[in-house]
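These notes are about the structure you will find just below.
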Amino acid sequence: EPVPLLAVNAIEAVYGGAIVALNGVSLTVAAGEIVALLGPNGAGKSTTLKAVSNLLPAQRGRLIAGTIRFDNAEVNRHSASALVRRGLVQVLEGRHCFRSLSTEDNLVTGGLARGSSRPELARDLERVYAIFPRLREKRKTIAGLTSGGEQQMTAIGRALMSRPRLLVLDEPSMGLAPLVVQDIFERLTALNMSEGLSILLAEQNTAVALRHAHRAVLLASGGSVLEGRAAELRGRADLKDIYLGRT
Ligand code: ATP
């Protein structure tokens, strides 16, 4: 068994020293794999992703047990920005972009976060525009004036400018029209196939996630309760019951 690119092992997390958010989450992402983290509202998906990128301290949260290793490094020992430079890049929930900057300047910030040179920035911008042609059309437009789908593409494009080896996405479908969601997922899947980009994504849209992921992990009340191949989970009638806490 090769060592997975990301290994989350039995993590427990609290906010503010008291609120227990995670009580035993385990998952792995192998190189080249797309893994979906599923579960209802409040199950702990965002907290798990924040832990993976060492972003919990910024939320007054912290791990109290378990380990997270990315590419054989303990993520706790590296700042969130150092993790970006190592290739662990997260797109936060809610199409996080700088609303007052142009689309292109948003993309550039992603390159600067990894310390790209000018020629690298130019090359990576072309690459992002090839993936999302829509962003080329909107490159001079202030991001806050573009559509929700374009803002999500900008947020993803910004992450790609950091040249991730593991792209982490928190609810990429949130608030977007079904066709836009499908378009974004198809482009992510194409990147995974053409370049072997590894992806970990949290989704409440179970159907879309299971259609595009290789594997899925289901969270309920702060713990991982089920793990399996996406193709198998798609056919499981009891998935919804587990999802809704009926078993
Ligand atoms: P959602 O889709 O609603 O974001 P989720 O599965 O991502 O759900 P989390 O956001 O990780 O779930 O929340 C897990 C638990 O931690 C919930 O009980 C939530 O109320 C709590 N929580 C999340 N963020 C904070 C915070 N910053 N401070 C305190 N409690 C928090």
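Note on segment 45-202: with charges restricted to the Cβ of Lys and Arg (+1) and Asp and Glu (-1), its dipole about the Cα centre is near 420 debye. A Cβ-based charge dipole, computed about the Cα centre of segment 118-191 with Lys and Arg at +1 and Asp and Glu at -1, lands at about 380 debye. Axis angle, to the nearest 10 degrees, between helix 118-131 and the longest C-alpha principal axis of the chain: 70 degrees.
Projecting each Cα onto the charge dipole of the chain (Lys/Arg +1, Asp/Glu -1 at the beta carbon, about the Cα centre), which of 233, 89, 40 comes out farthest on the positive side? Value: 89. Give the shape of segment 23-79 as rounded, prolate or oblate, defined through the alpha-carbon gyration tensor: a ≥ b ≥ c are the square roots of its eigenvalues, a/c under 1.5 means rounded, and otherwise the shape is prolate if a/b is larger than b/c and oblate if not. Since a/c reaches 1.5 but b/c is at least a/b, the shape of segment 23-79 is classed as oblate. Between the helical axis of 148-161 and the longest alpha-carbon principal axis of the chain there is an angle of about 90 degrees.
Normalised by the number of residues in the chain, the average gap of Cα pairs under 8 Å and 6 or more apart makes the relative contact order 28 percent. Projecting the Cα atoms of 30, 80, 17 onto the charge dipole of the chain (Cβ charges, centred on the Cα centre) puts 80 farthest toward the positive pole.
Counting only Cα atoms, the size of segment 100-143 along its three principal axes is 24, 23, 12 Å, in decreasing order. Think of each Lys and Arg Cβ as +1 and each Asp and Glu Cβ as -1; about the Cα centre, that makes the dipole of segment 1-132 roughly 320 debye. Taken along its three principal axes, the alpha carbon spread of the chain comes to 51, 39, 37 Å, from the longest extent down to the shortest.
Plugging the Kirkwood radius over Cα pairs into Stokes-Einstein for segment 55-165, at a temperature of 20 °C and a viscosity of 1.002 mPa s, what D comes out in µm²/s? Let's see the in-between values first.
Details: Rh = 14.8 Å.
In µm²/s, the coefficient is 145.
Taking label positions 7 Å along the Cα-Cβ direction at both residue 23 and residue 58, the computed distance is 2.9 nm, reported to one decimal.
Only bridges with both residues in the chain count here: give the DSSP antiparallel percent, nearest 5.
Working: 25 of 43 bridges.
In the chain, DSSP labels about 60 percent of beta bridges as antiparallel.
Could you give the angle, 0 to 90 degrees to the nearest 10, between helix 103-113's Cα long axis and the longest principal axis of the Cα atoms of the chain? With both axes taken from Cα atoms, the answer is about 70 degrees.
Quick note: the coordinates plus some simple rules give every number you see, no bench work behind them. Predicted model, so just to flag it, every value in this text is computed and none were measured. Ideal geometry is used to build each Cβ from the backbone, glycine not excepted, and the neighbour counts take in all protein chains shown.
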